[in-house]
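A short worksheet on the structure shown next.
The values are calculated or read from the model by the stated rules, or taken from the named source; none is laboratory data. Computed from a predicted model, the values in this text were never measured in an experiment. Don't worry about glycine lacking a Cβ; one is built from the backbone with ideal geometry, like all the others, and counts go over all protein chains shown.
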Amino acid sequence: MKAINPATEELISEFPDHDAAEVERRLQQARATFPSWRDFAFAERAGLLKQAAALLRENRDRFARLMTAEMGKPLTGSESEVDKCAWVCDYYADHAAGFLADQPVVTDATESFIRYEPLGPVLAVMPWNFPFWQVFRFLAPGLMAGNVGLLKHASNVPGTALAIEALFHEAGFPEGVMTTLLVPSSRTAEIVRHPAVCAVTLTGSDKAGREVAAEAGRCLKKTVLELGGSDPFIVLADADPPEAARQAAKARTINSGQSCIAAKRFIVEEAIADRFEEEFVRRMEELKVGDPLDRATEVGPMAREDLLGDLDDQVRRTVEAGARLRTGGQRLPGKGWYYAPTVLSGVEPGMAAFDEETFGPVAAVVRARDAAQAIELANRSVFGLGASLWTGDPARGRDLAADIEAGSVFINGAVKSDPRLPFGGIKTSGYGRELSEVGIREFVNIKTVWIR
């Protein structure tokens, strides 16, 4: 596995894959560790997770620079990501016992209640775009529930995968509670099938989700899938166009546009579309693109050269289909996999930038006659991860949220994940939920106990 700096195109490090014997050893160790870890009291697990949070904060700069080097995230974003990982550790350390406490239910029994018990080793197939957060988003609730974690991370962030494993070892977790498997995607199916693996969670593309879900389904293993998105950013006529445009530029270019919940389709009521579009183009053109280690940088490089090529192809096909290129639309010259912040206007259903997920700093502006058509256009997608709606009337926004087909709807705010709220999508964006009380209960045996 090779880590290549997207800003310089230089090799950072190279790690040998774990061979079949090493993978088997690690899987068996996880299986052997589970029974004793399951018997740890919540307070004991919480103490260890609090220690992991402390180590994240102590090593914030080192972990942030590792992320930035391996996948190109602007340094300020990497630092915020480490902070968020520490937060989710503290959150579940503080709340898991309450979330998983026995739940009494009045029935015809003398006593009846619901218990929440761990399943065993859970395989986490994780992506490169938030290489710490998406791992901790699974591990914090999963380990507090009494499961053990097996991490198959993206092949372009091997240093991050090993750093996470080392952090849990340093925090004092028993060997086998959190295990990294350095294997390519081609070997994921065999690990899913392995008897030691009880369940699987995947964050990634819809293609990867289908493959993992199919393999897990053949083995009757539980899965949670958090997949792609083409999130609508709906701007109603009573919104403030300059403010909506300012927020739109930020929402589109979070993590250099490489985020499943980044706003991608900007659906604007015709009455204010001209004003919004002009301001939006200006805001996108003002973004500072450059060295991700420079704290002034707002947009860094794409994580891999093939992703840059795919994005450019989507822009080209959209323009050929009749959209107008307002700004950007090209790879930037020089070293590094940089793509200019891009705005396409006149985008309609049937065009690549409307129908497909664009994973990079490319925004598609779509015009709607009125709010009803804006909602209809927002829902005309195979994806259903998140959506945001901007209006001067929050009460109206609350009512319209019921009509939007998405796992999350944010009114006058950009979509984000929060440990306190469930996170996940519908349709091609996947199923199941992470985070909150709901997420920790995805990978447990919800057991009924009835006593006379």
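Kindly evaluate R275 against the criterion of being among the charged types (D, E, K, R), modelled with pLDDT of 95 or more and either over 24 Å from the mean Cα position of the chain (by Cα) or more than 24 Å from T428 (Cα to Cα) (or both). It is true that R275 is among the charged types (D, E, K, R), modelled with pLDDT of 95 or more and either over 24 Å from the mean Cα position of the chain (by Cα) or more than 24 Å from T428 (Cα to Cα) (or both). Would you confirm, using the coordinates I've provided, whether D313 is assigned by TED's automatic domain parsing to the domain that holds V268 and more than 25 Å from D274 (Cα to Cα)? Against the criterion (assigned by TED's automatic domain parsing to the domain that holds V268 and more than 25 Å from D274 (Cα to Cα)), D313 qualifies. Of the residues making up the stretch 29-43, those that are over 20 Å from I164 (Cα atoms) and assigned to a helix (DSSP H, G or I) are A32, P35, S36, R38, F42, A43. Looking across the stretch 131-161, the residues that are out of contact with any Phe, Trp or Tyr (no Cβ under 7 Å at 6 or more places or on another chain), assigned to a helix (DSSP H, G or I) and not aliphatic (A, V, I, L, M) come down to W133, Q134, F136, R137, F138, G159. Could you check, for the stretch 306-321, whether at least one of its residues is of a type in the set (S, T, Y), surrounded by 20 or more Cβ atoms within 10 Å (Cβ to Cβ), within 27 Å of G204 (Cβ to Cβ) and over 24 Å from the mean Cα position of the chain (by Cα)? Checking the stretch 306-321: at least one residue is of a type in the set (S, T, Y), surrounded by 20 or more Cβ atoms within 10 Å (Cβ to Cβ), within 27 Å of G204 (Cβ to Cβ) and over 24 Å from the mean Cα position of the chain (by Cα).
Taking the listed residues V106, V135, V200, V122, the one that is within 21 Å of V438 (Cβ to Cβ) and without any contact (Cβ under 8 Å) to a residue 60 or more places away in the chain is V135, with no other qualifying. Can you name the condition, by its number, that Y116 falls short on among (1) free of Cβ contacts under 8 Å to residues at least 12 places away in the same chain; (2) assigned to a strand (DSSP E or B)? Evaluating Y116 over (1) free of Cβ contacts under 8 Å to residues at least 12 places away in the same chain; (2) assigned to a strand (DSSP E or B) leaves (1) as the failure. Listed by position, the helices (runs of 4 or more DSSP H) contained in the stretch 340-452 that have at least 1 residues being modelled with pLDDT of 95 or more, assigned by TED's automatic domain parsing to the domain that holds G328 and not basic (K, R) are 352-355, 371-379, 394-401.
It is to be established whether one or more residues within the stretch 50-60 are surrounded by 15 or more Cβ atoms within 10 Å (Cβ to Cβ), without any contact (Cβ under 8 Å) to a residue 40 or more places away in the chain and touching a Lys or Arg at 6+ places or on another chain (Cβ under 7 Å). No, the stretch 50-60 contains no residue that is surrounded by 15 or more Cβ atoms within 10 Å (Cβ to Cβ), without any contact (Cβ under 8 Å) to a residue 40 or more places away in the chain and touching a Lys or Arg at 6+ places or on another chain (Cβ under 7 Å). Within the stretch 25-37, the residues that satisfy the criterion of being surrounded by fewer than 16 Cβ atoms within 10 Å (Cβ to Cβ) and in contact (Cβ under 8 Å) with a residue 60 or more places away in the chain are Q28, A32, S36.
Scanning the stretch 364-375 for residues that are without any contact (Cβ under 8 Å) to a residue 60 or more places away in the chain and surrounded by 15 or more Cβ atoms within 10 Å (Cβ to Cβ) yields a single hit, Q373. Look through the stretch 394-432, keep the residues that are over 16 Å from W133 (Cβ atoms) and among the basic types (K, R), and return whichever of them is farthest from the chain's Cα centre (by Cα). My answer is R396. All of (1) surrounded by fewer than 18 Cβ atoms within 10 Å (Cβ to Cβ); (2) free of Cβ contacts under 8 Å to residues at least 40 places away in the same chain hold for E285 with one exception: (2). State yes or no: is L150 under 16 Å from V177 (Cα atoms) and either in contact (Cβ under 8 Å) with a residue 12 or more places away in the chain or surrounded by fewer than 24 Cβ atoms within 10 Å (Cβ to Cβ) (or both)? Taking the combined requirement at face value, the residue satisfies it.
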